[in-house]
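The values are calculated or read from the model by the stated rules, or taken from the named source; none is laboratory data. Treat the numbers as computed from the prediction; the structure is a model and nothing was measured. Here Cβ is always computed from backbone atoms with ideal geometry, including for glycine, and neighbour counts include all displayed protein chains. Accessible surface is based on the protein model in full, side chains and every heavy atom, while ligands, DNA and RNA are left aside. Shrake-Rupley method; radii C 1.70, N 1.55, O 1.52, S 1.80 Å.
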Amino acid sequence: MKRYSSKSIKGKLDRLVGGFYRSRPCDHCRKDSPSCWAHIKSRRYLSTRWLPTNAFSLCNSCHRWAHDHPDSFTQWIDLYCPGRLKELQRAFNISEPIKKAWLEELYEKLKLELQ
Ligand SMILES: [Zn+2]
């Protein structure tokens, strides 16, 4: 497996995952307008930053709606993806520090999954 610096593997993950979600129609309204890479848990948390369970493609107006109406957004996630919030919480609750090897493994896995 190719080795990257910590900074470079985070940048590669951001480009891979962000590019994927920005290129899809909005998951909420289904409009094919430019989408954001929207997160359920803030992107500042590395344990869940790049996980598909934490990501949606949202157009600007749906992204704003999600921020302005977090309870409605949570209800929509439960309807649209049952079980996803629990799965995300399990991934979020890991106690070990995030290691570069884990990021590299995640990158290789997501490269295959997000094609
Ligand atoms: Zn939308």
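Restricted to segment 39-63, and to residues that are under 16 Å from residue 114 (Cα atoms) and among the aliphatic types (A, V, I, L, M), which residue is most open to solvent (accessible area, probe 1.4 Å)? The residue in question is 51.
Just checking, does segment 25-36 include any residue being within 24 Å of residue 106 (Cβ to Cβ), among the polar types (S, T, N, Q) and at pLDDT below 95? Checked segment 25-36: at least one residue is within 24 Å of residue 106 (Cβ to Cβ), among the polar types (S, T, N, Q) and at pLDDT below 95.
When restricted to residues that are touching a residue at least 24 places away in the same chain (Cβ under 8 Å) and within 13 Å of the ligand (Cβ to nearest atom), segment 23-52 contains 12. Can you find a residue that is of a type in the set (S, T, N, Q) and touching a Phe, Trp or Tyr at 6+ places or on another chain (Cβ under 8 Å) anywhere in segment 70-92? Yes, that holds for at least one residue.
Do the conditions hold for residue 57, that is, is it modelled with pLDDT of 95 or more and assigned to a helix (DSSP H, G or I)?
On the way: modelled with pLDDT of 95 or more: yes; assigned to a helix (DSSP H, G or I): no.
It is false that residue 57 is modelled with pLDDT of 95 or more and assigned to a helix (DSSP H, G or I).
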